[in-house]
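Taking it in order: structure first as C-alpha coordinates, then the write-up.
The values are calculated or read from the model by the stated rules, or taken from the named source; none is laboratory data. Just so it is clear, the model here is predicted, and its values are computed rather than measured. Please note: Cβ atoms are built from the backbone with ideal geometry, for glycine as well, and neighbour counts cover all protein chains shown. Note: accessible area is taken over every heavy atom of the protein model, side chains too, but ligands, DNA and RNA are not part of it. Shrake-Rupley method; radii C 1.70, N 1.55, O 1.52, S 1.80 Å.
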Amino acid sequence: RVQSQRARPKFVSAVEQLRDLVFNAPDLSSPAAELGVDAQQIDWAARSDSSGLLAFPAVKQAAFDAELRESGHNSEVFELAPDHYAVIRIEGYRPPATKPLEQVRDQIAETLKRERAAELAETRVAEVLEALQRGDSAEKVAKDAGLEWQVAVRSGRQDTAVPEKVRNQAFSLPRVAAGEGVVTGQVIDDNGDRIAIQLSAVFDGDDSLVAEKRKKELYASALRAGSALSFSAYFSGVLRDADIKYNQ
(Lines give C-alpha, C1' and ligand atoms only; values in the text may rest on other atoms or scores of the structure.)
Protein backbone atom coordinates (compact mmCIF):
# COMPACT_ATOMS: atom_id res chain seq x y z
CA ARG A 1 0.00 0.00 0.00
CA VAL A 2 2.90 2.39 0.77
CA GLN A 3 4.42 1.73 -2.63
CA SER A 4 1.02 2.28 -4.25
CA GLN A 5 0.59 5.63 -2.49
CA ARG A 6 4.05 6.74 -3.52
CA ALA A 7 3.43 5.76 -7.14
CA ARG A 8 0.05 7.49 -7.28
CA PRO A 9 1.35 11.05 -7.88
CA LYS A 10 3.48 9.83 -10.80
CA PHE A 11 0.49 8.00 -12.25
CA VAL A 12 -1.73 11.08 -11.97
CA SER A 13 1.02 13.14 -13.59
CA ALA A 14 1.25 10.62 -16.44
CA VAL A 15 -2.50 10.85 -17.02
CA GLU A 16 -2.27 14.64 -17.22
CA GLN A 17 0.64 14.33 -19.61
CA LEU A 18 -1.42 11.96 -21.74
CA ARG A 19 -4.21 14.54 -21.91
CA ASP A 20 -1.74 17.21 -23.04
CA LEU A 21 -0.09 14.97 -25.63
CA VAL A 22 -3.24 13.69 -27.34
CA PHE A 23 -4.90 17.09 -27.49
CA ASN A 24 -2.96 18.27 -30.55
CA ALA A 25 -1.33 15.04 -31.69
CA PRO A 26 -2.16 13.97 -35.28
CA ASP A 27 -2.34 10.33 -34.15
CA LEU A 28 -1.81 8.16 -31.07
CA SER A 29 1.56 6.66 -31.96
CA SER A 30 3.60 9.65 -30.86
CA PRO A 31 1.87 10.09 -27.44
CA ALA A 32 2.19 6.33 -26.89
CA ALA A 33 5.91 6.44 -27.68
CA GLU A 34 6.37 9.45 -25.41
CA LEU A 35 4.77 7.63 -22.48
CA GLY A 36 6.29 4.24 -23.26
CA VAL A 37 2.99 2.44 -23.82
CA ASP A 38 1.54 0.55 -26.77
CA ALA A 39 -1.09 1.99 -29.10
CA GLN A 40 -3.40 -0.83 -30.14
CA GLN A 41 -5.58 -0.98 -33.25
CA ILE A 42 -8.76 -3.00 -33.61
CA ASP A 43 -10.48 -4.19 -36.75
CA TRP A 44 -13.81 -2.88 -37.97
CA ALA A 45 -16.38 -2.73 -35.17
CA ALA A 46 -20.16 -2.39 -35.19
CA ARG A 47 -22.43 -0.59 -32.74
CA SER A 48 -23.60 -3.98 -31.54
CA ASP A 49 -20.08 -4.93 -30.43
CA SER A 50 -19.50 -4.84 -26.67
CA SER A 51 -16.06 -6.37 -26.34
CA GLY A 52 -12.83 -4.76 -25.18
CA LEU A 53 -13.01 -0.98 -24.93
CA LEU A 54 -16.45 -1.00 -26.53
CA ALA A 55 -17.78 -2.54 -23.32
CA PHE A 56 -17.52 0.97 -21.83
CA PRO A 57 -20.51 3.14 -22.91
CA ALA A 58 -18.54 6.41 -23.05
CA VAL A 59 -15.90 4.85 -25.31
CA LYS A 60 -18.50 3.30 -27.60
CA GLN A 61 -20.34 6.60 -27.87
CA ALA A 62 -17.13 8.37 -28.89
CA ALA A 63 -16.19 5.62 -31.35
CA PHE A 64 -19.39 6.25 -33.32
CA ASP A 65 -19.56 10.01 -32.80
CA ALA A 66 -19.86 11.74 -36.18
CA GLU A 67 -18.35 15.02 -34.94
CA LEU A 68 -15.25 13.32 -33.56
CA ARG A 69 -14.92 11.22 -36.71
CA GLU A 70 -15.18 14.21 -39.05
CA SER A 71 -12.81 16.36 -37.00
CA GLY A 72 -10.00 13.83 -37.25
CA HIS A 73 -9.04 14.53 -33.64
CA ASN A 74 -8.22 12.14 -30.83
CA SER A 75 -10.91 11.57 -28.24
CA GLU A 76 -10.79 12.78 -24.68
CA VAL A 77 -9.04 10.60 -22.12
CA PHE A 78 -11.56 8.20 -20.59
CA GLU A 79 -11.32 6.92 -17.02
CA LEU A 80 -12.36 3.27 -17.27
CA ALA A 81 -11.32 2.44 -13.70
CA PRO A 82 -9.34 4.21 -10.98
CA ASP A 83 -6.07 2.95 -12.51
CA HIS A 84 -7.17 2.41 -16.11
CA TYR A 85 -7.39 5.20 -18.70
CA ALA A 86 -7.79 5.11 -22.46
CA VAL A 87 -8.02 7.39 -25.47
CA ILE A 88 -9.22 6.44 -28.94
CA ARG A 89 -8.87 7.69 -32.50
CA ILE A 90 -11.17 6.82 -35.39
CA GLU A 91 -9.07 5.75 -38.36
CA GLY A 92 -11.89 4.81 -40.72
CA TYR A 93 -15.62 4.53 -41.08
CA ARG A 94 -17.92 2.47 -43.24
CA PRO A 95 -21.63 3.41 -43.23
CA PRO A 96 -24.14 0.66 -42.47
CA ALA A 97 -25.05 -1.42 -45.50
CA THR A 98 -27.54 -4.21 -46.15
CA LYS A 99 -25.88 -7.57 -46.59
CA PRO A 100 -27.05 -9.95 -49.33
CA LEU A 101 -29.75 -12.33 -48.11
CA GLU A 102 -27.60 -15.36 -48.84
CA GLN A 103 -25.00 -14.13 -46.35
CA VAL A 104 -27.45 -13.64 -43.50
CA ARG A 105 -30.13 -16.28 -44.21
CA ASP A 106 -28.84 -18.73 -41.57
CA GLN A 107 -28.28 -15.92 -39.06
CA ILE A 108 -31.85 -14.66 -39.53
CA ALA A 109 -33.27 -18.15 -39.12
CA GLU A 110 -31.26 -18.69 -35.91
CA THR A 111 -32.36 -15.32 -34.53
CA LEU A 112 -36.02 -16.08 -35.23
CA LYS A 113 -35.66 -19.46 -33.51
CA ARG A 114 -34.14 -17.87 -30.43
CA GLU A 115 -36.80 -15.18 -30.29
CA ARG A 116 -39.58 -17.74 -30.63
CA ALA A 117 -38.01 -19.94 -27.96
CA ALA A 118 -37.70 -16.93 -25.64
CA GLU A 119 -41.38 -16.07 -26.17
CA LEU A 120 -42.46 -19.63 -25.39
CA ALA A 121 -40.22 -19.74 -22.30
CA GLU A 122 -41.64 -16.43 -21.06
CA THR A 123 -45.19 -17.69 -21.47
CA ARG A 124 -44.41 -20.98 -19.77
CA VAL A 125 -42.66 -19.43 -16.78
CA ALA A 126 -45.59 -17.02 -16.36
CA GLU A 127 -47.93 -20.03 -16.14
CA VAL A 128 -45.65 -21.70 -13.61
CA LEU A 129 -45.46 -18.57 -11.45
CA GLU A 130 -49.24 -18.18 -11.57
CA ALA A 131 -49.68 -21.75 -10.32
CA LEU A 132 -47.16 -21.21 -7.53
CA GLN A 133 -48.88 -18.00 -6.46
CA ARG A 134 -52.16 -19.92 -6.23
CA GLY A 135 -50.48 -22.12 -3.66
CA ASP A 136 -49.87 -25.18 -5.82
CA SER A 137 -46.98 -27.38 -4.77
CA ALA A 138 -43.73 -26.50 -6.55
CA GLU A 139 -43.00 -30.19 -7.01
CA LYS A 140 -46.40 -30.81 -8.60
CA VAL A 141 -46.18 -27.74 -10.84
CA ALA A 142 -42.75 -28.79 -12.09
CA LYS A 143 -43.85 -32.39 -12.64
CA ASP A 144 -46.99 -31.38 -14.56
CA ALA A 145 -44.96 -29.04 -16.77
CA GLY A 146 -42.16 -31.55 -17.29
CA LEU A 147 -39.61 -29.26 -15.68
CA GLU A 148 -36.69 -29.84 -13.34
CA TRP A 149 -37.41 -28.96 -9.72
CA GLN A 150 -34.85 -28.21 -7.02
CA VAL A 151 -35.26 -27.13 -3.42
CA ALA A 152 -32.88 -25.20 -1.14
CA VAL A 153 -33.56 -25.38 2.60
CA ARG A 154 -32.40 -22.44 4.75
CA SER A 155 -29.98 -21.36 2.04
CA GLY A 156 -27.68 -18.46 2.93
CA ARG A 157 -26.35 -15.61 0.80
CA GLN A 158 -23.04 -17.42 0.34
CA ASP A 159 -24.51 -20.84 -0.42
CA THR A 160 -22.59 -21.87 -3.53
CA ALA A 161 -24.89 -24.87 -4.02
CA VAL A 162 -27.44 -22.36 -5.35
CA PRO A 163 -26.55 -20.46 -8.55
CA GLU A 164 -25.50 -16.88 -7.84
CA LYS A 165 -28.22 -15.27 -9.95
CA VAL A 166 -30.88 -17.35 -8.21
CA ARG A 167 -29.50 -16.42 -4.78
CA ASN A 168 -29.42 -12.73 -5.61
CA GLN A 169 -32.97 -12.78 -6.93
CA ALA A 170 -34.26 -14.78 -3.97
CA PHE A 171 -32.74 -12.37 -1.45
CA SER A 172 -34.21 -9.39 -3.32
CA LEU A 173 -37.78 -10.72 -3.03
CA PRO A 174 -40.18 -9.35 -0.39
CA ARG A 175 -39.81 -10.91 3.02
CA VAL A 176 -42.20 -13.70 3.89
CA ALA A 177 -42.63 -15.54 7.21
CA ALA A 178 -43.02 -19.29 7.47
CA GLY A 179 -46.64 -20.36 6.97
CA GLU A 180 -47.75 -16.99 5.58
CA GLY A 181 -47.85 -17.93 1.91
CA VAL A 182 -45.13 -17.58 -0.72
CA VAL A 183 -43.61 -14.96 -2.99
CA THR A 184 -42.31 -15.72 -6.44
CA GLY A 185 -39.81 -14.36 -8.91
CA GLN A 186 -37.83 -15.34 -11.95
CA VAL A 187 -34.34 -14.96 -13.35
CA ILE A 188 -32.57 -15.73 -16.63
CA ASP A 189 -29.34 -17.69 -16.21
CA ASP A 190 -26.16 -17.43 -18.28
CA ASN A 191 -27.51 -19.98 -20.76
CA GLY A 192 -30.64 -17.93 -21.40
CA ASP A 193 -32.85 -20.36 -19.49
CA ARG A 194 -35.64 -18.89 -17.34
CA ILE A 195 -35.81 -20.05 -13.74
CA ALA A 196 -38.98 -19.68 -11.66
CA ILE A 197 -38.34 -19.07 -7.96
CA GLN A 198 -40.67 -19.72 -5.04
CA LEU A 199 -39.69 -18.26 -1.67
CA SER A 200 -41.62 -19.81 1.21
CA ALA A 201 -39.90 -18.35 4.29
CA VAL A 202 -37.11 -16.02 5.43
CA PHE A 203 -35.17 -16.57 8.65
CA ASP A 204 -32.86 -14.03 10.27
CA GLY A 205 -29.22 -14.97 10.57
CA ASP A 206 -27.89 -15.88 14.01
CA ASP A 207 -24.60 -14.10 14.68
CA SER A 208 -24.12 -16.20 17.80
CA LEU A 209 -23.20 -19.05 15.45
CA VAL A 210 -20.25 -17.05 14.10
CA ALA A 211 -17.03 -17.39 16.05
CA GLU A 212 -15.76 -14.17 17.64
CA LYS A 213 -12.50 -14.40 15.71
CA ARG A 214 -14.41 -14.71 12.44
CA LYS A 215 -16.54 -11.67 13.33
CA LYS A 216 -13.41 -9.60 13.83
CA GLU A 217 -11.99 -10.82 10.52
CA LEU A 218 -15.19 -9.89 8.66
CA TYR A 219 -15.29 -6.48 10.33
CA ALA A 220 -11.65 -5.80 9.44
CA SER A 221 -12.26 -6.93 5.87
CA ALA A 222 -15.22 -4.57 5.54
CA LEU A 223 -13.14 -1.69 6.88
CA ARG A 224 -10.35 -2.39 4.40
CA ALA A 225 -12.79 -2.56 1.51
CA GLY A 226 -14.45 0.68 2.56
CA SER A 227 -11.11 2.44 2.98
CA ALA A 228 -9.93 1.30 -0.45
CA LEU A 229 -13.12 2.58 -2.10
CA SER A 230 -12.88 5.92 -0.28
CA PHE A 231 -9.21 6.31 -1.24
CA SER A 232 -9.96 5.54 -4.89
CA ALA A 233 -12.97 7.88 -4.98
CA TYR A 234 -10.93 10.68 -3.40
CA PHE A 235 -8.16 10.54 -5.99
CA SER A 236 -10.66 10.17 -8.83
CA GLY A 237 -12.41 13.31 -7.63
CA VAL A 238 -9.14 15.21 -7.33
CA LEU A 239 -8.07 14.12 -10.79
CA ARG A 240 -11.40 15.11 -12.30
CA ASP A 241 -12.00 18.45 -10.58
CA ALA A 242 -8.61 19.95 -9.73
CA ASP A 243 -5.60 21.26 -11.59
CA ILE A 244 -2.67 19.73 -9.71
CA LYS A 245 1.03 19.84 -10.44
CA TYR A 246 3.41 17.41 -8.73
CA ASN A 247 7.08 18.13 -8.11
CA GLN A 248 9.11 15.25 -9.47
Worksheet entry | Sites Arg175 and Ser51 - FRET efficiency at Förster radius 41 Å, r taken between beta-carbons, to 0.05 | 0.55
Discussion item. At 1.4 Å probe size, put Tyr93, Tyr219 in order of accessible surface, largest to smallest.
Written reply: Tyr219, Tyr93
Discussion item. Suppose the chain between Ala118 and Asp206 were pulled fully straight at 0.36 nm per residue; how much longer would it get relative to their current alpha carbon spacing?
Written reply: 27.6 nm
Discussion item. From the phi angles alone, apply the Karplus equation (6.51, -1.76, 1.60; θ = phi - 60°) to the range 76-85 and give each ³J(HN,Hα) in whole Hz, x where the residue is Gly or Pro.
Written reply: 5, 8, 9, 8, 8, 7, x, 10, 9, 10
Item to complete: May I ask you to evaluate 6.51 cos²θ - 1.76 cosθ + 1.60, the Karplus curve with θ = phi - 60°, for each residue of the range 45-57 and list the ³J(HN,Hα) values in order in whole Hz, giving x for glycine and proline?
Response: 10, 9, 4, 7, 6, 9, 10, x, 5, 6, 6, 9, x
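If you take the beta carbon distance between Asp136 and Ile188 as r and set R0 to 25 Å, what does 1/(1 + (r/R0)^6) give as a FRET efficiency, to the nearest 0.05?
0.65
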Response to the item:
the range 94-147: Kirkwood hydrodynamic radius (Cα pairs, Å) comes out at 14.0 Å
Worksheet item: Can you tell me the accessible area per residue over the chain, all protein chains present, probe 1.4 angstrom, in square angstrom?
Response: 77 Å²
Fill in: Förster radius 22 Å - calculated FRET efficiency between Gln41 and Val104, Cβ distance, rounded to 0.05
0.20
Worksheet item: Where the centre of each part is set by its Cα atoms, how far does the range 122-145 sit from the range 28-107, in angstrom?
Response: 46 Å
Worksheet item: Summing -39500 (n - 2.57) over the DSSP H runs of n ≥ 4 in the chain and dividing by its residue number, what mean residue ellipticity at 222 nm do you reach, to the nearest 500 deg cm²/dmol?
Response: -16500 deg cm²/dmol
Item to complete: Beta carbons within 10 angstrom, averaged per residue: use that to sort the peptides 181-194, 98-111, highest first.
Response: 181-194, 98-111
Worksheet, complete the sentence: Over the Cα atoms of the range 1-105 the radius of gyration and the largest Cα-Cα distance (Dmax), both in Å, equal 16.8, 61
Worksheet item: Counting only residues 5 or more places away or on other chains, whose amide H sits under 5 Å from the amide H of Tyr85 once H atoms are built in the peptide plane?
Response: Leu80
Practice prompt. With a point put 7 Å past each Cα toward its Cβ, work out how far Arg214 is from Ala145 in nm, to one decimal.
Written response: 3.5 nm
Discussion item. Test of understanding: express the Cα radius of gyration of the range 12-60 as a ratio to 2.2 N^0.38 Å, with N the residue count.
Written reply: 1.33
Discussion item. Modelling each spin label as a point 7 Å along the Cα-to-Cβ direction, I'd like the His84/Gln158 distance in nm, to one decimal.
Written reply: 2.6 nm
Fill in: Relative counts (whole %) of C-alpha pair distances in the chain, using bins that are 10 Å wide
5, 18, 19, 18, 22, 14, 4, 0
Worksheet item: Using a simple spin-label model with points 7 Å from Cα along the Cα→Cβ vector, what separation in nm is obtained for Asn168 and Leu223?
Response: 3.0 nm
